[in-house]
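Quick notes on the structure that follows.
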Amino acid sequence: MPGTDPILLDEISLLLVWTAVAIYVLAFIAYAIDLARRSDLALKAKDEVVARELVTAGGGGVIGGSAGSSASTAASKPRYLWARLGTVLTTLGFVFHLVATVLRGIAAERVPWSNMYEFALTGLLLIIAVYLVVLTRYDLRFLGSLMTGLAVLLLGGATLAFHVEVVPLADPLKSVWLVVHVFVASLATALFALAFGLSVVQLIQARRERKLAEAPADAEPKRSFLRTVPSADALESLAYRFAIVGFIFWTFTLIAGSIWANDAWGRFWGFDTKEVWTFVIWVLYAGYIHARATRGWRGTRSAWLSIIGFTAVLFNFTIVNVFFKGLHAYSGLTT
């Protein structure tokens, strides 16, 4: 952009990043309070419905068909105000995060994902974006603490450890595949992150369900937020759906990377460390999808495969980029 100072724009972008991190912290706190309170709210709503039914029966009143049913349903559904506040704060943090990412791109006069800092900036932006979009269809606000906590740790950590000044693109990166390949990889990572979060909660919920099956129903602590979370089976099914979509994008990432490698280096595959780990991740998620679909690997084993897959994604982004040398040495960090 003519007439703009790249250094100034980057400084503003950095300020907005830290503002987003601070807002994500507040969102994390609001979601954490929601988890602490939602069990009580659910029990209170249930008690109100029971009391209303008893009063109606005792007074001889008749609640007409659908109207009575709708009233009971509305009354039985608790209002999680702290979860709503957490979602509002997450959305506000996302706006600051988005503006910071756009400003970084304007300062660099290119897409903002050519080094580790920029990839973290864009990748975490997409993780929050996917989470907020999914909320319009599924009530996954019980994942709010995990998703915003992930954003705080990874975005704050990446800014402290990986931030570099704006520099021109290396010659191999001057390609349309930079736009397509890296963006799709970031989107796949966002979907894997959501599947990871669901799998973590699935493990916790499955443990609770096993304990309930072995003990009397009144043995469960009344303050367990897991009362308001879907069953382990439902969480597993949803995680599986997100993993499949993410796997499709990751497959495209692998193919696009091979085409780009041929354009840049004259070969589709060269067993570079980054290429190998991208393929390892593909194999892990392919194994997860295949095992669950055909081998009956459901429940705890399925959840652990999902968690291991996302752990490999994080390992590929951090450890491989920093400590392994290869043709994909575009971290931007000085050695």
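Does LEU178 satisfy the condition of being modelled with pLDDT under 85, under 30 Å from SER258 (Cβ atoms), in a helix (DSSP H, G or I) and not aromatic (Phe, Trp, Tyr)? Yes. When we screen LEU235, LEU284, LEU254 for residues that are within 30 Å of ARG38 (Cα to Cα) and in a helix (DSSP H, G or I), the only hit is LEU235.
The residues of segment 278-309 that are modelled with pLDDT of 90 or more, among the aromatic types (Phe, Trp, Tyr) and under 20 Å from ARG207 (Cβ atoms) amount to a single one, TRP304.
Within segment 105-122, the set of residues being charged (D, E, K, R) and either within 19 Å of the chain's Cα centre (by Cα) or at pLDDT 95 or above (or both) comprises GLU118 only. Here LYS222 clears all of (1) modelled with pLDDT of 80 or more; (2) within 25 Å of SER145 (Cβ to Cβ); (3) surrounded by fewer than 18 Cβ atoms within 10 Å (Cβ to Cβ) except the condition numbered (1).
With the condition kept exactly as written, say whether any residue in segment 313-322 is touching a His at 6+ places or on another chain (Cβ under 8 Å) and at pLDDT 75 or above. Looking for residues that are touching a His at 6+ places or on another chain (Cβ under 8 Å) and at pLDDT 75 or above, one finds at least one in segment 313-322, hence yes.
Would you say PHE247 is buried (at least 18 other Cβ atoms within 10 Å of the Cβ), out of contact with any Ser or Thr (no Cβ under 7 Å at 6 or more places or on another chain), in a helix (DSSP H, G or I) and among the aromatic types (Phe, Trp, Tyr)? Against the criterion (buried (at least 18 other Cβ atoms within 10 Å of the Cβ), out of contact with any Ser or Thr (no Cβ under 7 Å at 6 or more places or on another chain), in a helix (DSSP H, G or I) and among the aromatic types (Phe, Trp, Tyr)), PHE247 qualifies.
Could you list all residues from segment 134-175 that are assigned to a loop (DSSP other than H, G, I, E, B) and farther than 23 Å from ASN321 by Cα? If the condition is that a residue be assigned to a loop (DSSP other than H, G, I, E, B) and farther than 23 Å from ASN321 by Cα, then THR136, ARG137, TYR138, ASP139, LEU140 are the ones that fit.
Kindly indicate which of LEU98, LEU160, LEU89, LEU125 is surrounded by fewer than 21 Cβ atoms within 10 Å (Cβ to Cβ) and modelled with pLDDT of 95 or more.
None of the other options fit; the residue is LEU98.
In segment 201-227, the residues that are in a helix (DSSP H, G or I) form Cβ pairs under 6 Å with partners that are at pLDDT below 85 and of a type in the set (A, V, I, L, M), at six or more places apart or across chains, as follows: GLN205/LEU226; ARG208/LEU226; ARG227/ALA42.
The values are calculated or read from the model by the stated rules, or taken from the named source; none is laboratory data. Keep in mind that this is a model prediction, so the values were computed, not measured. Don't worry about glycine lacking a Cβ; one is built from the backbone with ideal geometry, like all the others, and counts go over all protein chains shown.
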